[in-house]
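Visitor: Sharing a structure with you now.
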2 protein chains.
Amino acid sequence: MKRLTGFTASCCRSFLTSPLRRDLSLTSQSIVLKEFVDSGLPEPDHFKIQAELFDEEKAKSDLQDGGFIVEVKALSVDPFQRATIRSDGKHKSAVKVGEPLNGFVVGNITHSKNSHWKVGDLFGAGLPFVTRQIVTPEILKKTAIWKLTGHVTDENLTYGLGILGMPGSTAYGGLTDILRPKKGETIFISSASGTVGGLVGMMAKQIFECKTIGSCGGPAKGEFIKNVYGFDHAIDYKQAKSVDDLVIMLKEVAPKGIDMYFENVGGIHFEAAFQSLRPGGRIAVCGFISEYNNDIPNLSSFNPMNMIYTHQRIEGFVCIPWLIGKRGTFLADVSKWLKEGKLVVHETKFNGIEKWPQAFQALFTGNYKGKIVVTV
Amino acid sequence: MKRLTGFTASCCRSFLTSPLRRDLSLTSQSIVLKEFVDSGLPEPDHFKIQAELFDEEKAKSDLQDGGFIVEVKALSVDPFQRATIRSDGKHKSAVKVGEPLNGFVVGNITHSKNSHWKVGDLFGAGLPFVTRQIVTPEILKKTAIWKLTGHVTDENLTYGLGILGMPGSTAYGGLTDILRPKKGETIFISSASGTVGGLVGMMAKQIFECKTIGSCGGPAKGEFIKNVYGFDHAIDYKQAKSVDDLVIMLKEVAPKGIDMYFENVGGIHFEAAFQSLRPGGRIAVCGFISEYNNDIPNLSSFNPMNMIYTHQRIEGFVCIPWLIGKRGTFLADVSKWLKEGKLVVHETKFNGIEKWPQAFQALFTGNYKGKIVVTV
């Protein structure tokens, strides 16, 4: 943190002394990639915070029909962003050195020439990490954006980064449309103390009346997912040295096997879950966090022949179709479940845009529970 | 064949000289497992043909309400039967030594106490390989049986073992419901000169207007699938020494990758197909014939992480839901496509029940093309 704070301070100083400075409300800040991170843990020094003037009057007059201007109020910290800062540029949201990061943000509309979006509307979106920006019709075609007005207030706007945003729609889409739970079935969820894992566990238990088994690291997180997210069983994967160990641990709590597996981590979890899968079983592949920091990913071994008579299915997905309302009724359903008290929100807030790199690192070191958000 | 013919002859002789002999039409013949085959090629000597009297009058008077008596006219020869003759007894149609084999048959109803089935009705079913037998209501609950009356005549009754039976519904269900082709997509099909593979190729090309690539062994089969089944491209997998080789061969005919893979063989085919799969790609796992003769199956390696952003899917299935009309409209659709000339039937017939072991072996040695059937 020392390095970053130092950098931010010097960056702001040069801006504050610039002759262009007119009004602090017109500052736009960005989080920019300083160098690619191909392997290992991303460090605060890999990023820098940049401040620039935002000429709102000019932006308004230049605004195309169908476009609008937004003010970003909070930034998300998500595992998928790890893949966007590699030099291979393979991820669809990959960034180059010197460019602002891409990720999920929430904010409000400050000016609009779009009939669907009016000034004051609250939104969630996948956008560059720039606090004031113009959203053109071209950008709208390419990005996910969803209206939070009516579902959140200024106070809980950050829900749009969690339960009413990407993680919420990931849990919702993966569970309702990919796994399609039946009452009484058993679901295994890895990274169960994470935002997505916790939401899947709560939805599976509260809405679909399934037996829920969560995997997480260490007894404290195990207690957390049982007490806060209501999981029936917690498995401490740190006690498993091999696929076989994990299979045995699963068998102890699910002697007849599992019907569904919500995959967030990969590695031995994938293989153990596949081996424990019952006839008719489904695996939703949502994340593979154990491999995100590896240059050359480890392959998983399995026997697809076992899927034939069992009618088993493995399916990868990302949340976008549910998030933007193309499939299912995510915002309506999850808002309703929230109001009914069936889902609880657990957030860790970092205050200040300069804290983002530290918050991002916390994802991989695992020192925080629930959804991590960064308010601007 | 010498051994088997010898055995059959001696078996029939003892029966023919028995004092119980009254009428040859009341003979019931069975194909019985003589010894388990855990690895290697099944040999004619692993089976025996048994002849017994069938007391039809007694069978009629004993018949329960809801049951009927059938005469089996032809027997199928299918890869899945390889797994039913192992000592592990794991396959749901597994048999013990001394018991008749299980498999698909066609025939007609000779007597009925079931309102849905009348005398003379033609049927296909999964039943023991016994030429005259009683089908009780209990058996009906457990087995797949479908009405061929109206779709075939006595002359082409064996279609009920192929295009209007298990292989046809496998191709139909796997293609229409598991792979769900879109016009213009590219499909890769292994074991393309086999019955299922050939049907998938024809349906994909003629009905769904897809580009079809078939894999089979040797240039003669390659010409066959192009000329008879209308495949756009044939890949000779015998020229591929590794997964990489097969990936390169696929790239030559599908530079942008494949959208669908219909898996019949496993091994390097699975891995090469997965590596060649485009975003949105689907793999239907139908068979794994390369592993059927192995005691300990080889595992497949893949990276499930690649399925996430691509929304890819791997799904195993067996034909039963489509065959018995629980999903889709198989018999109606395929009969229609047959009448329209969109599908052609290619059959190899072995005449005489005693030829079944030889016909079964031919499946694995690959010396015949099209659907192999054995008439009684």
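The values are calculated or read from the model by the stated rules, or taken from the named source; none is laboratory data. Predicted model, so just to flag it, every value in this text is computed and none were measured. Note: ideal-geometry Cβ built from the backbone for every residue, glycine included; neighbour counts use all protein chains shown. Note: accessible area is taken over every heavy atom of the protein model, side chains too, but ligands, DNA and RNA are not part of it. Shrake-Rupley method; radii C 1.70, N 1.55, O 1.52, S 1.80 Å.
Visitor: With the requirement that a residue be among the acidic types (Asp, Glu) and touching a strand residue (DSSP E or B) at 6+ places or on another chain (Cβ under 8 Å), what does the stretch A:230-284 give you? Walk me through how you get there before you give the answer.
Guide: Residues of the stretch A:230-284 among the acidic types (Asp, Glu): A:232, A:236, A:244-245, A:252, A:259, A:263, A:271.
A:Asp232, A:Asp236, A:Asp259, A:Glu263, A:Glu271, listed by residue number.
Visitor: In the stretch B:320-334, how many residues are of a type outside the set (D, E, K, R) and either in contact with a Lys or Arg (Cβ under 7 Å, 6 or more places away or on another chain) or open to solvent by 10 Å² or more (accessible area, probe 1.4 Å) (or both)?
Guide: Initial filter on the stretch B:320-334 (of a type outside the set (D, E, K, R)): B:320-325, B:328-332, B:334.
With either in contact with a Lys or Arg (Cβ under 7 Å, 6 or more places away or on another chain) or open to solvent by 10 Å² or more (accessible area, probe 1.4 Å) (or both) added as a condition, the list becomes B:320-321, B:324-325, B:328-329, B:331-332.
Adding up the residues that qualify gives 8.
Visitor: To continue, here is another question. Give the number of residues within the stretch A:51-70 that are within 17 Å of A:Phe129 (Cα to Cα) and either buried (at least 18 other Cβ atoms within 10 Å of the Cβ) or touching a Phe, Trp or Tyr at 6+ places or on another chain (Cβ under 7 Å) (or both). Talk me through it step by step, then tell me what you get.
Guide: In the first step, residues of the stretch A:51-70 are kept if they are within 17 Å of A:Phe129 (Cα to Cα); the result is A:51-54, A:68-70.
The next check asks that each one be either buried (at least 18 other Cβ atoms within 10 Å of the Cβ) or touching a Phe, Trp or Tyr at 6+ places or on another chain (Cβ under 7 Å) (or both); those that pass are A:51, A:54, A:68-70.
Of the residues in the stretch A:51-70, 5 are within 17 Å of A:Phe129 (Cα to Cα) and either buried (at least 18 other Cβ atoms within 10 Å of the Cβ) or touching a Phe, Trp or Tyr at 6+ places or on another chain (Cβ under 7 Å) (or both).
Visitor: For the stretch B:231-242, which residues satisfy the criterion of being buried (at least 20 other Cβ atoms within 10 Å of the Cβ) and assigned to a helix (DSSP H, G or I)?
Guide: Within the stretch B:231-242, just B:Tyr237 meets the criteria.
Visitor: Another one. Of the residues that make up the stretch A:164-173, is at least one in a loop (DSSP other than H, G, I, E, B), at pLDDT 95 or above and open to solvent by 30 Å² or more (accessible area, probe 1.4 Å)? So that I can check it myself, show each step before the final result.
Guide: Looking only at the stretch A:164-173, we keep the residues that are in a loop (DSSP other than H, G, I, E, B), and these are A:164-165.
Checking which are at pLDDT 95 or above leaves us with A:164-165.
Still in the running and open to solvent by 30 Å² or more (accessible area, probe 1.4 Å): none.
For the stretch A:164-173, residues in a loop (DSSP other than H, G, I, E, B), at pLDDT 95 or above and open to solvent by 30 Å² or more (accessible area, probe 1.4 Å): absent.
Visitor: Kindly check whether there is at least one residue in the stretch A:169-178 that is within 19 Å of A:Val77 (Cβ to Cβ) and β-branched (Val, Ile, Thr).
Guide: Quick first cut of the stretch A:169-178, residues within 19 Å of A:Val77 (Cβ to Cβ) only: A:169-171.
Within this subset, residues satisfying the condition of being β-branched (Val, Ile, Thr) are A:170.
Taking every residue of the stretch A:169-178 in turn, at least one turns out to be within 19 Å of A:Val77 (Cβ to Cβ) and β-branched (Val, Ile, Thr).
Visitor: Within the stretch A:137-146, does at least one residue satisfy the condition of being farther than 20 Å from A:Gln50 by Cβ and part of a strand (DSSP E or B)?
Guide: yes
Visitor: Any chance you could count how many residues in the stretch A:317-341 are within 7 Å of chain B (Cβ to nearest Cβ) and either closer than 16 Å to B:Ser301 by Cα or in contact with an Asp or Glu (Cβ under 9 Å, 6 or more places away or on another chain) (or both)? Steps first, answer last, please.
Guide: Quick first cut of the stretch A:317-341, residues within 7 Å of chain B (Cβ to nearest Cβ) only: A:317-318.
Checking which are either closer than 16 Å to B:Ser301 by Cα or in contact with an Asp or Glu (Cβ under 9 Å, 6 or more places away or on another chain) (or both) leaves us with A:317.
Of the residues in that region, 1 qualify.
Visitor: For the stretch B:77-96: of the residues being open to solvent by less than 10 Å² (accessible area, probe 1.4 Å) and assigned to a loop (DSSP other than H, G, I, E, B), which is nearest to the other protein chains (Cβ to nearest Cβ)? Show your work before the answer.
Guide: First, the residues of the stretch B:77-96 that are open to solvent by less than 10 Å² (accessible area, probe 1.4 Å): B:77-78, B:81-82, B:84-85, B:95.
From what's left, assigned to a loop (DSSP other than H, G, I, E, B): B:77-78, B:85, B:95.
Details: B:Val77: 19, B:Asp78: 13, B:Ile85: 16, B:Val95: 16 Å.
Per the stated criteria, the residue is B:Asp78.
Visitor: On the given criteria, is B:Gly162 closer than 20 Å to B:Thr375 by Cα, without any contact (Cβ under 8 Å) to a residue 60 or more places away in the chain and touching a strand residue (DSSP E or B) at 6+ places or on another chain (Cβ under 8 Å)?
Guide: Spelling it out, it is not the case that B:Gly162 is closer than 20 Å to B:Thr375 by Cα, without any contact (Cβ under 8 Å) to a residue 60 or more places away in the chain and touching a strand residue (DSSP E or B) at 6+ places or on another chain (Cβ under 8 Å).
Visitor: I've got another one for you. If you go through the stretch A:268-316, how many residues are part of a strand (DSSP E or B), open to solvent by 30 Å² or more (accessible area, probe 1.4 Å) and facing chain B (nearest Cβ under 7 Å)?
Guide: 1
Visitor: Residues being in contact with a Leu (Cβ under 7 Å, 6 or more places away or on another chain) and either aliphatic (A, V, I, L, M) or under 22 Å from B:Gly162 (Cβ atoms) (or both): count how many of those fall in the stretch B:85-109.
Guide: Here the count works out to 9.
Visitor: Now, a different point. For the list (1) in a loop (DSSP other than H, G, I, E, B); (2) free of Cβ contacts under 8 Å to residues at least 40 places away in the same chain; (3) among the aliphatic types (A, V, I, L, M), I need the number of the one condition that A:Ile248 fails.
Guide: (1)
Visitor: Mind listing whichever residues of the stretch A:317-332 are part of a loop (DSSP other than H, G, I, E, B) and over 30 Å from B:Gly287 (Cβ atoms)? Working first, answer last.
Guide: First, pick out the residues of the stretch A:317-332 that are part of a loop (DSSP other than H, G, I, E, B): A:317-319, A:324-329.
Scanning the stretch A:317-332 gives A:Val318, A:Cys319, A:Ile324, A:Gly325, A:Lys326, A:Arg327, A:Gly328, A:Thr329.
Visitor: Sort out which residues of the stretch A:183-230 are in contact with a helix residue (DSSP H, G or I) (Cβ under 6 Å, 6 or more places away or on another chain), within 15 Å of A:Tyr261 (Cβ to Cβ) and open to solvent by 10 Å² or more (accessible area, probe 1.4 Å), and write them in order of number.
Guide: Those that are in contact with a helix residue (DSSP H, G or I) (Cβ under 6 Å, 6 or more places away or on another chain), within 15 Å of A:Tyr261 (Cβ to Cβ) and open to solvent by 10 Å² or more (accessible area, probe 1.4 Å): A:Ser191, A:Val196.
Visitor: Can you spot a residue in the stretch A:252-264 that is closer than 21 Å to A:Gly316 by Cβ, β-branched (Val, Ile, Thr) and assigned to a strand (DSSP E or B)?
Guide: Start the filter on the stretch A:252-264 by keeping residues that are closer than 21 Å to A:Gly316 by Cβ, which leaves A:258-264.
From what's left, β-branched (Val, Ile, Thr): A:258.
When the remaining residues are screened for being assigned to a strand (DSSP E or B), the result is A:258.
Checking the stretch A:252-264: at least one residue is closer than 21 Å to A:Gly316 by Cβ, β-branched (Val, Ile, Thr) and assigned to a strand (DSSP E or B).
Visitor: So, one more: Is it fair to say B:Gly124 is in contact with a helix residue (DSSP H, G or I) (Cβ under 9 Å, 6 or more places away or on another chain), touching a residue at least 40 places away in the same chain (Cβ under 8 Å) and surrounded by fewer than 21 Cβ atoms within 10 Å (Cβ to Cβ)? Reasoning before the result, please.
Guide: Numbers: in contact with a helix residue (DSSP H, G or I) (Cβ under 9 Å, 6 or more places away or on another chain): yes; touching a residue at least 40 places away in the same chain (Cβ under 8 Å): yes; surrounded by fewer than 21 Cβ atoms within 10 Å (Cβ to Cβ): no.
So B:Gly124 fails the test.
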